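> One structure coming up, written as structure tokens, with questions to follow.
The values are calculated or read from the model by the stated rules, or taken from the named source; none is laboratory data. Just so it is clear, the model here is predicted, and its values are computed rather than measured. Heads up, the Cβs are rebuilt from the backbone with ideal geometry, glycines too, and the neighbour counts pull from every protein chain shown. Surface accessibility is based on the protein's heavy atoms, side chains included, excluding ligands, DNA and RNA. Shrake-Rupley method; radii C 1.70, N 1.55, O 1.52, S 1.80 Å.
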Amino acid sequence: MRFGIIQERKNPPDRRVVLSPKLCQNVQQSHSEAKIIVEPSPIRVFEDAEYKALGIEVASKMEECDVLLGVKEVPIAALIPHKKYFFFSHTIKKQPYNRDLLRAILDRNIELYDHEVITNSKGLRLVAFGRYAGIVGAYNGIRAYGMKYQSFNLPRAENLKDQQALIAELNKIKLPNIKILLTGKGRVGNGSKEMLDAMGIRKVNVAEYLHHDFEEPVYCQIDVSEYNTRKDGVRGNKTDFFANPSEYKSNFFRFAKVTDFYIAGHFYGDGAPYLYTREDAKHPDFKIKVVADVSCDIDGPVASTIRPSTIANPVYGYHAISEQEMDFKDARAIAVMAVDNLPAELPRDASDGFGEAFSKYVIPAFFNGDKDGILERARMTKNGGLTERYSYLQEYVAIE
């Protein structure tokens, strides 16, 4: 079984990789039938020489490999027919901008396995960059706060080596006695929590956050059951919310009235209520002035996120009254950080974390008959057609 680590060719460039040199070495030592070949790359965070130093072959031989491993979408022109591919295809939600990519995958008889749907039998994701999105998102949000109020200057995350370097920079600054709200308790939310804790920011509970004033910066981490309530007044819970999201309404506004800086690290499901609407943001009591929208759902549950931002230009301003973009330093503006590929700013750490999970859960499935069904659940296409699990995409690929 030959695995190929492909060069990332999407623009803007992404320096992440599925398997680091050390993990490639571990895979080959753990599975005698596995052979890994790394396609040369001028941008990858691990240099070609780092793979060669550990005895990993670096060569332009992807045609000789059985399974090709990448991170971002592979440009159509670079797809090799009749291969097995792993990458984030961004097609499972019928994204219009990648319809032609999925068509090309089907036309070229490629077996596509999407990282986003590598799950266990209960549907929980096994391989993800979410923690690193949360880590960088919190850092970028604090950086945006300093930029908006011109109170401190943090270097760009992409210019720092790793998470520890980000933490070191954060600990050089002093935040005023602001209230920071963090939504989400999954990989993303807890990644952001790591950074707030590393700064020594005090964590408070919901009652303290809503009703007390503090002489130091504080944060409160909340989940869906704390910012949604059942419409019928019956006491709800998280399980019921995910089963019946349309039965709930948002009560996020009580947090918006006391929050200075908001980090959105939640997962938003179809049918769930928006956290705050454009009308909410117009309200005189709406206090949030800086938003780090790590989840980055455009024109969705966080109304001030009207477009994604970029690593090069990570912050824009949202004027609630006009619902238009404006200078984020303007006193009337909500400063929005909505970079949609945050882990790319911490490529070495993110690759290490992702690769550890991939080599633990996915690689063994090729050698144990896929006994846990991991490959079967993640396989979107086979023999030139969609697999049964993803047959709902048939109309999507057929649209002219």
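> Among the numbered criteria (1) among the hydrophobic types (A, V, I, L, M, F, W, C); (2) outside any helix (DSSP H, G or I); (3) farther than 25 Å from Tyr268 by Cβ, which single criterion is violated by Ile92?
With respect to (1) among the hydrophobic types (A, V, I, L, M, F, W, C); (2) outside any helix (DSSP H, G or I); (3) farther than 25 Å from Tyr268 by Cβ, Ile92 is out only on (3).
> Looking at segment 307-316 only, could you name the residues that are without any contact (Cβ under 8 Å) to a residue 24 or more places away in the chain and under 27 Å from Ala272 (Cβ atoms)?
Selection gives Tyr316 alone.
> Output the helices (runs of 4 or more DSSP H) that fall wholly within segment 152-271 and possess 3 or more residues being open to solvent by 60 Å² or more (accessible area, probe 1.4 Å), or say none.
Working: elements: 163-170, 187-198, 206-211, 224-227, 238-243, 253-256.
Of the helices (runs of 4 or more DSSP H) lying wholly inside segment 152-271, those with at least 3 residues that are open to solvent by 60 Å² or more (accessible area, probe 1.4 Å) span 187-198, 238-243.
> Related question: If you scan segment 90-108, which residues turn out to be at positive phi and open to solvent by less than 60 Å² (accessible area, probe 1.4 Å)? Lay out the reasoning, then the answer.
Here is the first cut: in segment 90-108, the ones at positive phi are 90, 94.
Answer for segment 90-108, where residues must be at positive phi and open to solvent by less than 60 Å² (accessible area, probe 1.4 Å): just His90.
> Do we have Ala365 as open to solvent by less than 60 Å² (accessible area, probe 1.4 Å), free of Cβ contacts under 8 Å to residues at least 12 places away in the same chain and part of a helix (DSSP H, G or I) here?
Numbers: open to solvent by less than 60 Å² (accessible area, probe 1.4 Å): yes; free of Cβ contacts under 8 Å to residues at least 12 places away in the same chain: yes; part of a helix (DSSP H, G or I): yes.
Yes.
> Still on this structure, please answer the following. Scanning segment 297-333 for residues that are buried (at least 20 other Cβ atoms within 10 Å of the Cβ) and β-branched (Val, Ile, Thr), which turns out nearest to Ile263 (Cα to Cα)?
Val302
> Report, by residue number, each residue of segment 381-396 that is closer than 18 Å to Arg99 by Cβ and over 25 Å from the mean Cα position of the chain (by Cα). Full working, then the answer.
Restricting attention to segment 381-396, the residues satisfying the condition of being closer than 18 Å to Arg99 by Cβ are 381, 384-387, 390-396.
Selection gives Gly384, Gly385, Leu386, Thr387, Ser391, Gln394, Glu395.
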